[in-house]
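Working notes, beginning with the structure itself.
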Amino acid sequence: EAGVTQSPTHLIKTRGQQATLRCSPISGHTSVYWYQQALGLGLQFLLWYDEGEERNRGNFPPRFSGRQFPNYSSELNVNALELEDSALYLCASSRGQGPQQETQYFGPGTRLLVL
Amino acid sequence: AQSVSQHNHHVILSEAASLELGCNYSYGGTVNLFWYVQYPGQHLQLLLKYFSGDPLVKGIKGFEAEFIKSKFSFNLRKPSVQWSDTAEYFCAVKGGGATNKLIFGTGTLLAVQP
(Lines give C-alpha, C1' and ligand atoms only; values in the text may rest on other atoms or scores of the structure.)
Protein backbone atom coordinates (compact mmCIF):
# COMPACT_ATOMS: atom_id res chain seq x y z
CA GLU A 1 0.00 0.00 0.00
CA ALA A 2 1.47 3.33 -1.06
CA GLY A 3 1.88 5.91 1.67
CA VAL A 4 1.06 9.58 1.71
CA THR A 5 2.91 11.41 -1.04
CA GLN A 6 3.77 15.09 -1.22
CA SER A 7 5.16 17.36 -3.90
CA PRO A 8 7.41 19.11 -4.40
CA THR A 9 10.02 17.89 -1.91
CA HIS A 10 11.65 21.31 -1.81
CA LEU A 11 10.35 24.75 -2.76
CA ILE A 12 12.21 28.05 -2.79
CA LYS A 13 10.24 31.28 -2.99
CA THR A 14 10.78 34.94 -2.26
CA ARG A 15 8.83 37.14 0.11
CA GLY A 16 5.42 38.13 -1.20
CA GLN A 17 5.11 35.21 -3.60
CA GLN A 18 2.61 32.38 -3.38
CA ALA A 19 3.42 28.74 -2.72
CA THR A 20 1.33 25.71 -3.63
CA LEU A 21 1.99 22.38 -1.95
CA ARG A 22 0.30 19.13 -2.93
CA CYS A 23 -0.62 15.96 -1.08
CA SER A 24 -2.05 12.59 -2.11
CA PRO A 25 -3.50 10.52 0.75
CA ILE A 26 -3.31 6.80 1.25
CA SER A 27 -5.85 5.01 -0.91
CA GLY A 28 -9.15 4.74 0.96
CA HIS A 29 -8.41 7.69 3.25
CA THR A 30 -10.83 10.57 3.04
CA SER A 31 -9.31 12.98 5.56
CA VAL A 32 -6.23 15.07 4.90
CA TYR A 33 -4.40 17.16 7.49
CA TRP A 34 -1.70 19.79 7.10
CA TYR A 35 0.90 20.56 9.74
CA GLN A 36 3.77 23.04 9.89
CA GLN A 37 7.07 22.02 11.44
CA ALA A 38 9.04 25.19 11.92
CA LEU A 39 12.39 25.38 13.64
CA GLY A 40 11.89 25.91 17.33
CA LEU A 41 8.10 25.75 17.14
CA GLY A 42 7.49 22.04 16.75
CA LEU A 43 4.64 20.50 14.81
CA GLN A 44 1.57 22.71 14.61
CA PHE A 45 -1.80 21.86 13.13
CA LEU A 46 -2.79 23.94 10.13
CA LEU A 47 -5.86 22.52 8.39
CA TRP A 48 -8.11 19.47 8.21
CA TYR A 49 -10.14 18.48 5.16
CA ASP A 50 -12.66 15.67 5.01
CA GLU A 51 -14.92 14.75 2.11
CA GLY A 52 -13.96 17.92 0.27
CA GLU A 53 -14.74 20.33 3.07
CA GLU A 54 -12.58 22.26 5.50
CA ARG A 55 -13.45 20.87 8.93
CA ASN A 56 -11.05 22.73 11.16
CA ARG A 57 -8.12 25.12 11.00
CA GLY A 58 -5.37 25.95 13.40
CA ASN A 59 -4.20 29.31 14.63
CA PHE A 60 -2.80 30.53 11.32
CA PRO A 61 -3.66 33.64 9.29
CA PRO A 62 -6.11 33.44 6.35
CA ARG A 63 -3.28 33.57 3.81
CA PHE A 64 -2.87 29.89 4.61
CA SER A 65 -5.63 28.13 2.73
CA GLY A 66 -6.26 24.96 0.85
CA ARG A 67 -8.72 22.65 -0.71
CA GLN A 68 -9.50 18.99 -1.15
CA PHE A 69 -10.35 17.54 -4.53
CA PRO A 70 -12.94 14.84 -5.36
CA ASN A 71 -10.14 12.22 -5.41
CA TYR A 72 -9.27 13.31 -1.82
CA SER A 73 -5.93 14.81 -2.77
CA SER A 74 -5.26 18.22 -1.32
CA GLU A 75 -3.50 21.49 -1.97
CA LEU A 76 -2.11 23.92 0.57
CA ASN A 77 -1.70 27.49 -0.64
CA VAL A 78 0.32 30.09 1.19
CA ASN A 79 -0.14 33.62 -0.12
CA ALA A 80 2.01 36.68 0.51
CA LEU A 81 4.88 34.57 1.79
CA GLU A 82 6.83 35.81 4.79
CA LEU A 83 10.28 34.74 5.93
CA GLU A 84 8.83 32.97 8.96
CA ASP A 85 6.80 30.70 6.69
CA SER A 86 10.02 28.79 6.03
CA ALA A 87 9.34 25.33 7.45
CA LEU A 88 8.66 21.70 6.69
CA TYR A 89 5.01 21.25 5.74
CA LEU A 90 3.67 17.81 6.52
CA CYS A 91 0.55 16.24 5.16
CA ALA A 92 -1.20 13.36 6.90
CA SER A 93 -4.21 11.27 6.01
CA SER A 94 -6.68 9.10 7.89
CA ARG A 95 -9.70 6.99 7.06
CA GLY A 96 -12.03 9.62 8.47
CA GLN A 97 -13.91 10.20 11.63
CA GLY A 98 -14.89 7.79 14.34
CA PRO A 99 -13.02 5.54 16.75
CA GLN A 100 -10.03 3.65 15.38
CA GLN A 101 -10.34 5.51 12.09
CA GLU A 102 -8.51 8.59 13.15
CA THR A 103 -4.91 7.42 13.13
CA GLN A 104 -3.00 9.86 11.00
CA TYR A 105 -0.24 8.69 8.67
CA PHE A 106 2.29 11.24 7.52
CA GLY A 107 3.99 11.98 4.25
CA PRO A 108 7.64 12.99 3.77
CA GLY A 109 6.90 16.71 3.74
CA THR A 110 7.66 19.70 1.55
CA ARG A 111 10.47 21.92 2.72
CA LEU A 112 9.62 25.53 1.93
CA LEU A 113 12.31 28.16 2.04
CA VAL A 114 11.33 31.81 1.77
CA LEU A 115 14.12 34.21 0.87
CA ALA B 1 -6.11 24.53 25.82
CA GLN B 2 -4.63 21.11 25.24
CA SER B 3 -0.89 20.75 25.52
CA VAL B 4 1.72 18.01 25.52
CA SER B 5 5.00 18.07 27.44
CA GLN B 6 7.99 15.91 26.70
CA HIS B 7 10.42 16.22 29.53
CA ASN B 8 13.63 15.23 27.82
CA HIS B 9 14.81 17.12 24.78
CA HIS B 10 17.98 15.09 24.27
CA VAL B 11 18.76 11.60 25.54
CA ILE B 12 22.00 9.73 24.98
CA LEU B 13 22.15 6.02 25.77
CA SER B 14 24.47 3.14 25.13
CA GLU B 15 23.23 0.08 23.27
CA ALA B 16 21.32 -2.38 25.49
CA ALA B 17 20.37 0.34 27.98
CA SER B 18 16.72 0.72 28.92
CA LEU B 19 14.73 3.67 27.65
CA GLU B 20 11.90 5.66 29.12
CA LEU B 21 10.70 8.88 27.53
CA GLY B 22 8.23 10.96 29.44
CA CYS B 23 5.05 12.46 28.02
CA ASN B 24 2.39 14.38 29.91
CA TYR B 25 -0.69 15.99 28.48
CA SER B 26 -3.25 18.43 29.71
CA TYR B 27 -6.83 17.57 28.80
CA GLY B 28 -9.58 16.46 31.12
CA GLY B 29 -11.68 14.41 28.74
CA THR B 30 -11.25 11.28 26.68
CA VAL B 31 -8.01 11.28 24.72
CA ASN B 32 -6.36 9.32 21.99
CA LEU B 33 -2.58 9.11 22.48
CA PHE B 34 0.20 8.48 20.00
CA TRP B 35 3.93 8.13 19.76
CA TYR B 36 5.52 8.90 16.41
CA VAL B 37 9.16 8.41 15.44
CA GLN B 38 11.25 10.20 12.86
CA TYR B 39 14.41 8.32 11.86
CA PRO B 40 17.21 10.36 10.24
CA GLY B 41 16.22 11.25 6.69
CA GLN B 42 12.84 9.57 6.95
CA HIS B 43 9.32 10.80 7.50
CA LEU B 44 7.24 10.64 10.66
CA GLN B 45 6.06 7.09 11.38
CA LEU B 46 3.52 5.78 13.86
CA LEU B 47 5.17 3.83 16.68
CA LEU B 48 2.10 3.02 18.75
CA LYS B 49 -1.28 4.38 19.77
CA TYR B 50 -3.80 4.20 22.58
CA PHE B 51 -7.52 4.61 22.05
CA SER B 52 -9.10 2.60 24.84
CA GLY B 53 -8.83 -0.68 26.75
CA ASP B 54 -5.57 -2.09 28.10
CA PRO B 55 -3.49 0.91 29.18
CA LEU B 56 -0.27 -0.91 28.28
CA VAL B 57 0.10 -0.78 24.53
CA LYS B 58 2.73 -2.43 22.43
CA GLY B 59 4.08 -0.95 19.25
CA ILE B 60 6.58 -1.76 16.57
CA LYS B 61 10.25 -2.59 17.16
CA GLY B 62 9.78 -3.63 20.79
CA PHE B 63 8.43 -0.31 22.03
CA GLU B 64 5.60 -0.05 24.54
CA ALA B 65 3.80 2.75 26.33
CA GLU B 66 1.65 2.93 29.42
CA PHE B 67 -1.34 5.24 29.74
CA ILE B 68 -1.79 6.39 33.35
CA LYS B 69 -4.95 8.45 33.42
CA SER B 70 -4.47 9.73 36.97
CA LYS B 71 -1.09 11.14 36.03
CA PHE B 72 -2.08 12.34 32.53
CA SER B 73 0.95 10.46 31.28
CA PHE B 74 1.81 8.24 28.33
CA ASN B 75 5.47 7.30 28.76
CA LEU B 76 7.33 5.39 26.07
CA ARG B 77 9.58 2.47 27.07
CA LYS B 78 11.94 -0.04 25.54
CA PRO B 79 13.90 -2.52 27.66
CA SER B 80 17.01 -2.61 25.47
CA VAL B 81 17.77 0.02 22.83
CA GLN B 82 19.74 -0.52 19.66
CA TRP B 83 21.83 1.85 17.58
CA SER B 84 19.04 1.80 14.98
CA ASP B 85 16.67 3.42 17.52
CA THR B 86 18.53 6.71 17.08
CA ALA B 87 15.73 9.07 16.06
CA GLU B 88 13.45 11.85 17.22
CA TYR B 89 10.37 10.74 19.15
CA PHE B 90 7.14 12.74 19.32
CA CYS B 91 4.25 12.25 21.69
CA ALA B 92 0.86 13.47 20.43
CA VAL B 93 -2.66 13.70 21.79
CA LYS B 94 -6.02 14.03 20.12
CA GLY B 95 -8.69 15.26 22.46
CA GLY B 96 -12.41 14.85 22.15
CA GLY B 97 -14.69 16.93 20.03
CA ALA B 98 -14.70 17.36 16.31
CA THR B 99 -11.33 18.95 15.73
CA ASN B 100 -9.39 15.78 14.91
CA LYS B 101 -6.14 17.72 15.20
CA LEU B 102 -3.09 16.24 16.86
CA ILE B 103 -1.27 18.27 19.50
CA PHE B 104 2.39 17.35 19.48
CA GLY B 105 5.07 17.58 22.10
CA THR B 106 8.34 19.25 21.19
CA GLY B 107 10.06 15.94 20.57
CA THR B 108 12.93 14.01 22.17
CA LEU B 109 16.09 13.41 20.24
CA LEU B 110 17.50 9.99 21.15
CA ALA B 111 21.08 9.11 20.28
CA VAL B 112 22.17 5.51 20.90
CA GLN B 113 25.90 4.94 21.02
CA PRO B 114 27.20 1.58 19.78
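The values are calculated or read from the model by the stated rules, or taken from the named source; none is laboratory data. As the structure is a computational prediction, the values presented were derived from the model and not from experiment. Positions of Cβ are generated from backbone atoms using ideal geometry, with glycine treated the same way; all protein chains shown enter the neighbour counts. Protein only, heavy atoms only, side chains kept; ligands, DNA and RNA dropped before computing areas. Shrake-Rupley method; radii C 1.70, N 1.55, O 1.52, S 1.80 Å.
As a summary of the residue check, B:ALA16 satisfies the conditions (1) in a strand (DSSP E or B); (2) modelled with pLDDT of 95 or more except for the one numbered (1).
All of B:GLY59, B:GLY41, B:GLY29 fail the test of being surrounded by fewer than 12 Cβ atoms within 10 Å (Cβ to Cβ), free of Cβ contacts under 8 Å to residues at least 60 places away in the same chain and not hydrophobic (A, V, I, L, M, F, W, C), apart from B:GLY41.
Return yes or no: is B:SER70 surrounded by fewer than 19 Cβ atoms within 10 Å (Cβ to Cβ), in contact (Cβ under 8 Å) with a residue 24 or more places away in the chain and more than 11 Å from B:LEU21 (Cβ to Cβ)? Break it down stepwise before answering.
On the way: surrounded by fewer than 19 Cβ atoms within 10 Å (Cβ to Cβ): yes; in contact (Cβ under 8 Å) with a residue 24 or more places away in the chain: no; more than 11 Å from B:LEU21 (Cβ to Cβ): yes.
Answer is no for this residue.
Restricting the search to strands (runs of 3 or more DSSP E) fully inside chain A and requiring at least 2 residues that are aliphatic (A, V, I, L, M) and surrounded by 13 or more Cβ atoms within 10 Å (Cβ to Cβ) gives A:10-13, A:19-24, A:31-38, A:42-50, A:74-78, A:87-94, A:110-114. State all residues of the range B:75-114 that are without any contact (Cβ under 8 Å) to a residue 60 or more places away in the chain, away from every other protein chain (no Cβ under 14 Å) and open to solvent by 10 Å² or more (accessible area, probe 1.4 Å); if no residue qualifies, say none. Correct list: B:ASN75, B:ARG77, B:SER84, B:THR86.
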